[in-house]
1. Within the stretch 220-235, track down each residue that is closer than 18 Å to Asn207 by Cβ, in a helix (DSSP H, G or I) and either of a type in the set (Ser, Thr, Tyr) or in contact with a helix residue (DSSP H, G or I) (Cβ under 7 Å, 6 or more places away or on another chain) (or both).
2. In contact with a Leu (Cβ under 8 Å, 6 or more places away or on another chain) and either loosely packed, with under 14 Cβ neighbours inside 10 Å or closer than 21 Å to Ala157 by Cβ (or both) - does that describe any residue in the stretch 70-84?
3. Which ones in the stretch 27-71 are of a type outside the set (A, V, I, L, M, F, W, C) and in a helix (DSSP H, G or I)?
4. Out of (1) open to solvent by 50 Å² or more (accessible area, probe 1.4 Å); (2) closer than 30 Å to Asp228 by Cα, the odd one out for Leu87 is which?
5. Report yes if some residue within the stretch 16-29 is under 18 Å from the mean Cα position of the chain (by Cα), open to solvent by less than 20 Å² (accessible area, probe 1.4 Å) and within 21 Å of Gln96 (Cα to Cα); otherwise report no.
6. Scanning for something modelled with pLDDT of 95 or more, surrounded by fewer than 17 Cβ atoms within 10 Å (Cβ to Cβ) and more than 19 Å from Ala32 (Cα to Cα), does the stretch 44-57 turn up at least one residue?
7. If a residue must be more than 17 Å from Ile131 (Cα to Cα) and at pLDDT below 95, how many such residues does the stretch 79-106 contain?
Amino acid sequence: MSLMETLITSTTPAAPKMIVYGQPGVGKTTFAAAADAILIDCEGGAGVVPGLKRTPYLATWPEMRAWLSELAAAPPADLAAVAVDTLDWMLRRIEQYVNIDLDGKSPDDITNTTGSSHGGFFKARGIIENIVFRDLLPMLNAINDGGVPIVLLAHAANLKMTTPEGFDVKMAAPDLPQWIAGPFIEWADAVLYAHMDSGQRVLTTENTNVVTAKNRYGMPAELPFDWDTLVQSIAPPAPPTATTT
């Protein structure tokens with residue numbers, strides 16, 4: 001068979017992969033509960049949200065990885081979505097794992113950082129990137145390939161960003177180290193900023209001069225911060241009904 005015969009010309013809708021970020025208290029964890037998601041609890045602050053299915057508090061990357069691996073290999077039949085609360089805390093635990101556990105230093109050595117471990121010169125970054133590219137994202141993709149939405153919750157930060165044209169600007173963005181944020185934003189189908197506007201919880205879905213956001217679904221620029229509304233905005237329009245004369 002020629003490779004040209006394997007070209008794909010049809011659309012292939014898939015379950016969404018999204019990053020939802022915002023300030024503490026805006027309702028990110030409640031949003032995950034409305035999605036009926038299993039929450040990977042990296043912070044330990046989700047116990048007050050009613051109706052939420054969550055893991056025990058996971059304090060280390062190996063614990064988090066074990067849950068993601070099982071969800072990828074043997075997902076429950078009723079798995080509606082998987083949420084991570086939060087991505088920035090998960091990345092901190094990956095950094096801790098690389099800087100302390102893999103470097104062999106004493107866990108009490110508080111001077112062991114991403115810049116100093118594994119021989120210094122930020123060599124640990126390459127190991128963290130390997131874990132993200134070769135382990136974390138493939139596990140999330142495996143879960144998503146089963147038709148399960150992925151919701152990566154994150155805190156918001158005001159970060160200095162450099163545009164492709166070389167201009168420095170300050171923008172609301174997920175609170176991730178800039179050297180690893182790009183792959184997650186590129187991986188996600190939607191990056192959504194949750195915030196309050198005139199007393200209402202809303203989502204910004206498109207990039208502006210002050211907000212990092214995007215979506216691949218042609219959503220309105222702003223939506224109510226509500227799971228059902230978001231799902232309706234993602235769903236493709238129904239094909240026109242054929243009529244006969």
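The values are calculated or read from the model by the stated rules, or taken from the named source; none is laboratory data. On a predicted model such as this, the values are computed, not experimentally measured, just so you know. No Cβ is skipped: glycine too gets one built from the backbone with ideal geometry, and neighbour counts run over all protein chains shown. The area values use the complete protein model at the heavy-atom level, side chains included, leaving out ligands, DNA and RNA. Shrake-Rupley method; radii C 1.70, N 1.55, O 1.52, S 1.80 Å.
1. Ser233
2. The answer is yes, given that some residue of the stretch 70-84 is in contact with a Leu (Cβ under 8 Å, 6 or more places away or on another chain) and either loosely packed, with under 14 Cβ neighbours inside 10 Å or closer than 21 Å to Ala157 by Cβ (or both).
3. Selection gives Lys28, Thr29, Thr30, Pro62, Glu63, Arg65, Ser69, Glu70.
4. (1)
5. no
6. No: zero hits.
7. Number satisfying all stated conditions: 3.
Residue by residue, here is whether (1) modelled with pLDDT of 95 or more; (2) crowded, with 17+ Cβ neighbours inside 10 Å; (3) at positive phi; (4) out of contact with any His (no Cβ under 9 Å at 6 or more places or on another chain) holds:
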residue	(1), (2), (3), (4)
Val191	yes, yes, no, yes
Ser198	no, no, yes, yes
Thr205	yes, yes, no, yes
Ala221	yes, no, no, yes
Pro237	no, no, no, yes
Pro240	no, no, no, yes
